Every structure is written in structure tokens, then in C-alpha cells.
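The values are calculated or read from the model by the stated rules, or taken from the named source; none is laboratory data. Quick caveat, the model's predicted, so the values are computed rather than measured. Here the Cβ is made from the backbone with ideal geometry for all residues, glycine too, and neighbour counts use every protein chain on show.
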Amino acid sequence: MAELTADELLMLQFEDRRWRRGGPTAGAIRRQLGLSPQEYRQRLDGIIDRPEAMAVAPQAVRRLRAQRAALGERLVPHDRAV
């Protein structure tokens, strides 16, 4: 089982913080993470499928998985390059 990178942990923490304040905004994603909103969602979608993410941020991971399930599909197909 591979550990989450520092960037992946930061994204989970960012998502949890921003959710409590009303959700991540494009500006905050760019400023704090240096990612476009689309790149952020793509990377986050992959992270929440990993058991390591569930181990460190179970509430955020469950919420994000539920949001994705409510859409009826993955946020970004895995066959697309990040």
C-alpha cells in the first residue's frame, strides 16, 4: 500500500476545509494548490478511490464518493491523462 504524497494529503485537507466553508472555488484552487479546477477534480477523483485516502480522511472521502455516485458516473474517466 503506497502512502499518499504530501500534495495528495494537502488536497484532501483543502477539500475538507473548503467544504465546511461552502466548497472550493476556482480562485482558491489556483491560489492554494496551483491547479486548474479541472485538474484538481481529476486528481481528487483518483485519490478518493485509494484506501490510503480513506484511512487519513474518511469523512471527506465518503462525502466525495457520495457526490460522485450522485452524478451517476466518475467525475473524470480514468482513461484520460491527467
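When ALA26 is tested against (1) among the hydrophobic types (A, V, I, L, M, F, W, C); (2) touching a helix residue (DSSP H, G or I) at 6+ places or on another chain (Cβ under 6 Å); (3) at pLDDT 90 or above, just one condition goes unmet, and that condition is (3).
Apart from one condition, GLU3 fits all of (1) surrounded by fewer than 16 Cβ atoms within 10 Å (Cβ to Cβ); (2) at pLDDT 90 or above; (3) not in a loop (DSSP other than H, G, I, E, B); the exception is (3). Of the numbered criteria (1) of a type outside the set (Gly, Ala, Ser); (2) at pLDDT 90 or above; (3) out of contact with any helix residue (DSSP H, G or I) (no Cβ under 6 Å at 6 or more places or on another chain); (4) surrounded by fewer than 17 Cβ atoms within 10 Å (Cβ to Cβ), the one PRO77 fails is (2). When the residues of region 47-68 are filtered to those that are β-branched (Val, Ile, Thr) and in contact (Cβ under 8 Å) with a residue 40 or more places away in the chain, the one that is farthest from ASP16 (Cα to Cα) is ILE47.
Within region 18-40, restricting attention to residues that are under 12 Å from the mean Cα position of the chain (by Cα) and in a helix (DSSP H, G or I), which residue is surrounded by the fewest Cβ atoms within 10 Å (Cβ to Cβ)? Looking at the filtered set, the residue picked out is GLN38.
Scanning region 54-71 turns up no residue that is modelled with pLDDT of 95 or more, buried (at least 16 other Cβ atoms within 10 Å of the Cβ) and among the small types (Gly, Ala, Ser).
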